[in-house]
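Chemist: My structure is below; once you've seen it, I'll send some questions.
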Amino acid sequence: MLLGLMPLAGCVAVSARLKETTPSDVVRTYAAPNAMYARTLVIPAGYETIRLPGIVPDPVTSAADGRAAVWGDTEQQTASTLQKIRAQLAEVGASEADVVAATVYLVAPTAGGAMDFAGMNRAYVKHFGSDEQPNRPVRSTVQVAGLVAPGVLVEIEVTAARKPR
């Protein structure tokens, strides 16, 4: 087979240059201008995906001397969790503006009660849909019976998408 190619050895090779294209922006639509989450989301081909597992808050006080850790209310826990998410995204060169989807798991603060959706939203809107960071991901919020430790009321997992670097 190599002998059959020998006559081509003196030919000039022409290289084709591929046109570099950059993906377009993520397209978000909202049900209303002040909606807390996106109604639809389109991520263009070529974007990198970053997944963070369920993140829980840091305790306000650690368990000590037989006492249980204190975690704070739903709003405090959501704020702590979102701070941790912000830091983890920064570690990989991403930001909250890159978050395209969030799933929020909430436990009712009192047994048999309802989740504190309003408390979660008060902290959430400081990170998504604010003047500094107007992007709002699609979001699902569900009430669960319990999370990783007694007193933990919030767990959030996110997916981010960014243009390749």
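Chemist: Looking only at region 80-91, how many residues end up being of a type in the set (Gly, Ala, Ser) and in contact with a Phe, Trp or Tyr (Cβ under 9 Å, 6 or more places away or on another chain)?
Modeler: Qualifying residue count for the region: 1.
Chemist: Conditions first: (1) touching a residue at least 40 places away in the same chain (Cβ under 8 Å); (2) assigned to a helix (DSSP H, G or I); (3) not hydrophobic (A, V, I, L, M, F, W, C). Residue 88 passes all but one, so which condition is the exception?
Modeler: (1)
Chemist: Let me ask something else. Can you find a residue in region 95-107 that is small (Gly, Ala, Ser) and at pLDDT below 95?
Modeler: no
Chemist: Can you tell me which residue among 49, 74, 78 is in contact (Cβ under 8 Å) with a residue 40 or more places away in the chain, under 15 Å from residue 159 (Cα atoms) and of a type in the set (S, T, N, Q)?
Modeler: After ruling out the rest, the residue left standing is 49.
Chemist: Scan region 71-92 and tell me whether some residue there is crowded, with 18+ Cβ neighbours inside 10 Å, at positive phi and modelled with pLDDT of 90 or more.
Modeler: Yes, region 71-92 has at least one match.
Chemist: Name, by its number, the condition in (1) under 21 Å from residue 35 (Cβ atoms); (2) within 15 Å of the chain's Cα centre (by Cα); (3) assigned to a helix (DSSP H, G or I) that does not hold for residue 80.
Modeler: All conditions pass for residue 80, except number (1).
Chemist: Continuing with the same structure: For region 102-118, how many residues are crowded, with 19+ Cβ neighbours inside 10 Å and either in contact with a Phe, Trp or Tyr (Cβ under 8 Å, 6 or more places away or on another chain) or over 12 Å from residue 146 (Cα atoms) (or both)?
Modeler: Within region 102-118, residues that are crowded, with 19+ Cβ neighbours inside 10 Å and either in contact with a Phe, Trp or Tyr (Cβ under 8 Å, 6 or more places away or on another chain) or over 12 Å from residue 146 (Cα atoms) (or both) number 4.
Chemist: Please determine whether any residue of region 135-143 is among the charged types (D, E, K, R) and surrounded by fewer than 17 Cβ atoms within 10 Å (Cβ to Cβ).
Modeler: So far as region 135-143 goes, no, none of its residues is among the charged types (D, E, K, R) and surrounded by fewer than 17 Cβ atoms within 10 Å (Cβ to Cβ).
Chemist: Count, please, the residues in region 46-71 that happen to be of a type in the set (Gly, Ala, Ser), closer than 24 Å to residue 88 by Cα and in a loop (DSSP other than H, G, I, E, B).
Modeler: Residues meeting the conditions: 3.
Chemist: In region 33-45, what residues are assigned to a strand (DSSP E or B) and either surrounded by 16 or more Cβ atoms within 10 Å (Cβ to Cβ) or on the phi > 0 side of the Ramachandran plot (or both)?
Modeler: Result: 41, single match.
The values are calculated or read from the model by the stated rules, or taken from the named source; none is laboratory data. Just so it is clear, the model here is predicted, and its values are computed rather than measured. As a convention, Cβ positions derive from the backbone with ideal geometry for all residues, glycine included, and neighbour counts pool all protein chains shown.
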